[in-house]
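Chemist: Starting off with a structure, shown below.
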Amino acid sequence: MIEEIKIQNLTTGFNPGKRDEKILHKGLNLILKPGETVCILGPNGAGKSTLLRTLLGYQGAMLGEIFFGEQPLSKLSIKELSKIVAVVLTEKIDDFYFTAYEVVMTGRYPYGSLTGKLTDKDITIIHQALEKVGVNWLAHQNFYKLSDGEKQKVMIARAIAQDTPFIFLDEPVAYIDSPSRIGIMQLLRQLSAEMNKGILMATHDLDSALQYANHLWLLGKDGKWEKGRPEDMVSKGYINAFFDNENVSFNTGNQRFEWTGKDEL
């Protein structure tokens with residue numbers, strides 16, 4: 001069991017060592033543990049998805065180390081990493097023939113034989129994942145016909161079926177209506193608490209993050225960053241510092257953004 005993911009003195013960015021090199025953040029020192037829900041927040045273009053992709057090895061770190069337990073990311077094979085972290089990204093599954101069950105089934109690939117045949121254990125885990133998320137009734141429906149909220153729940157069921165101590169998600173509630181958004185955030189918080197999974201998500205949804213996250217990682221466009229409990233991020237003024245602009249300000253009393261500019265279009 002991996003006890004934590006540790007990020008040490010990490011620098012994120014693009015094209016390291018080249019003339020068009022771009023550094024986003026320096027000296028990131030962060031920890032994610034099983035049983036925690038952490039939200040990465042920041043304005044558009046601040047580097048939320050870049051941080052996620054760097055932690056997964058999809059793009060290289062410019063400096064620093066990422067440890068999964070005692071093992072550095074650079075020493076882990078793809079198969080080894082897939083048994084530690086399940087990933088729910090924004091890319092769409094475009095296979096018109098996959099059912100919801102078959103999508104969840106792909107979560108068992110890291111444990112499969114060369115023939116790809118499911119074991120009795122695999123089948124049990126798949127059904128348990130569908131039931132845990134409450135989409136077992138969708139199992140035999142075509143995935144592409146489902147609503148956005150239903151698709152996201154199926155993808156989360158796939159992550160559960162992958163049976164990892166950590167789940168990373170990129171914008172898990174984007175393009176989803178408010179009731180479904182709340183349901184998915186509640187589901188992720190329950191998975192973290194009940195199944196002892198470390199949940200890390202990049203999101204624009206500040207309201208949900210303040211309500212459901214144990215910790216926030218705030219990223220700014222100017223390279224600044226902060227970490228802490230949601231209530232501390234609010235009381236210390238970090239939410240205002242990272243998100244306020246000349247027309248919109250975060251009201252720490254009602255914890256909502258309010259228009260503070262001139263009343264004109």
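The values are calculated or read from the model by the stated rules, or taken from the named source; none is laboratory data. Quick caveat, the model's predicted, so the values are computed rather than measured. Positions of Cβ are backbone-derived with ideal geometry, glycine not excepted, and every protein chain shown enters the neighbour counts. With ligands, DNA and RNA removed, areas are computed over all heavy atoms of the protein, side chains included. Shrake-Rupley method; radii C 1.70, N 1.55, O 1.52, S 1.80 Å.
Chemist: Among helices (runs of 4 or more DSSP H) lying entirely in the stretch 4-118, which contain 1 or more residues that are open to solvent by 70 Å² or more (accessible area, probe 1.4 Å)? Even if it seems obvious, please write down each step before you answer.
Modeler: Values: elements: 48-55, 78-82, 100-105.
Hits in the stretch 4-118: 48-55, 78-82.
Chemist: Of the residues Glu246, Glu194, which single one is within 22 Å of Ala129 (Cβ to Cβ), open to solvent by 20 Å² or more (accessible area, probe 1.4 Å) and not aliphatic (A, V, I, L, M)? Give the derivation first.
Modeler: On the way: Glu246 fails: within 22 Å of Ala129 (Cβ to Cβ).
None of the other options fit; the residue is Glu194.
Chemist: Test each condition in (1) modelled with pLDDT under 95; (2) surrounded by fewer than 12 Cβ atoms within 10 Å (Cβ to Cβ) for Thr124 and report the one that comes out false.
Modeler: Among (1) modelled with pLDDT under 95; (2) surrounded by fewer than 12 Cβ atoms within 10 Å (Cβ to Cβ), Thr124 violates only (1).
Chemist: With respect to the numbered conditions (1) buried (at least 17 other Cβ atoms within 10 Å of the Cβ); (2) within 30 Å of His127 (Cα to Cα), which one is the sole condition not fulfilled by Leu218?
Modeler: The number of the failed condition is (2).
Chemist: Of the conditions (1) touching a helix residue (DSSP H, G or I) at 6+ places or on another chain (Cβ under 8 Å); (2) in a helix (DSSP H, G or I); (3) of a type in the set (A, V, I, L, M, F, W, C), Val173 fails just one. Which one is it?
Modeler: Failed condition: (2).
Chemist: Taking only pairs six or more apart or across chains, which ones have beta-carbon atoms under 8 Å, a first residue in the stretch 175-189 that is aliphatic (A, V, I, L, M), and a second residue that is in a helix (DSSP H, G or I) and open to solvent by 40 Å² or more (accessible area, probe 1.4 Å)?
Modeler: The qualifying pairs are Ile176/Asp148; Ile184/Lys153; Met185/Gln211; Leu187/Lys153.
Chemist: I want to confirm something. Restricting to the stretch 227-243 and keeping residues that are touching a residue at least 24 places away in the same chain (Cβ under 8 Å) and of a type in the set (Phe, Trp, Tyr), which single residue is surrounded by the most Cβ atoms within 10 Å (Cβ to Cβ)? Let's see the steps before the verdict.
Modeler: First, pick out the residues of the stretch 227-243 that are touching a residue at least 24 places away in the same chain (Cβ under 8 Å): 227, 234, 239, 242-243.
Next cut, of a type in the set (Phe, Trp, Tyr) only: 242-243.
Values: Phe242: 23, Phe243: 17.
In this case the residue turns out to be Phe242.
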